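Written out below as structure tokens is the structure these notes cover.
The values are calculated or read from the model by the stated rules, or taken from the named source; none is laboratory data. All figures in this text were calculated on a predicted structure; none of them were measured in a lab. Glycine gets a Cβ as well: all are built from the backbone with ideal geometry, and neighbour counts include every protein chain shown.
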Amino acid sequence: MDCPLCAALSRAESAETLLFEDDRCRVIRVADEAYPGFCRVLWKRHVAEMTELAAAERHHLMDVVFATEQALRESMNPDKINLASLGNMVPHLHWHVIPRFRDDRHFPEPIWGAPQRNGAVHAAPPTAALARSIAAALTHG
């Protein structure tokens, strides 16, 4: 199987900024200058759909997605958070967690759509603080 997410998960070192990891999933910060808070939650085992997971696994994955959303909301105060699980290009289960602002370059369109303006770039939360916030949301959530 030629899956770029499986390949990235199996590499000992990665260019990705790791924010959280457990035995089932990891949260990384996506390198996107226009969307500095953009995170991706990756399920470690190669499956394409949520229904391929057991109920407890689905619950755990969504807890991590929601903890990431909460941490981004608290640290960036965006106008909206977009959650997306597409998998059309890479059929390996993952969720995009994207803080959005009314003045970003695509709002109100998805970030993969046509730009609406040059757009403002908002400050990214510090990596260590964001990682702590995700862990705290999972502990207290």
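Below is a table of values for the structure above.
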{"read-out": "Among (1) among the acidic types (D, E); (2) over 27 Å from C6 (Cβ atoms); (3) touching a residue at least 24 places away in the same chain (Cβ under 8 Å) - the single one D103 does not satisfy", "value": "(3)"}
{"read-out": "Lone unmet requirement of (1) surrounded by 14 or more Cβ atoms within 10 Å (Cβ to Cβ); (2) under 15 Å from A84 (Cα atoms) for V47", "value": "(2)"}
{"read-out": "Candidate set: region 94-127, residues that are touching a Leu at 6+ places or on another chain (Cβ under 9 Å) and surrounded by fewer than 13 Cβ atoms within 10 Å (Cβ to Cβ); chosen: the one modelled with the highest pLDDT", "value": "T127"}
{"read-out": "Residues being farther than 20 Å from L19 by Cα and at pLDDT 95 or above - total across region 59-93", "value": "2"}
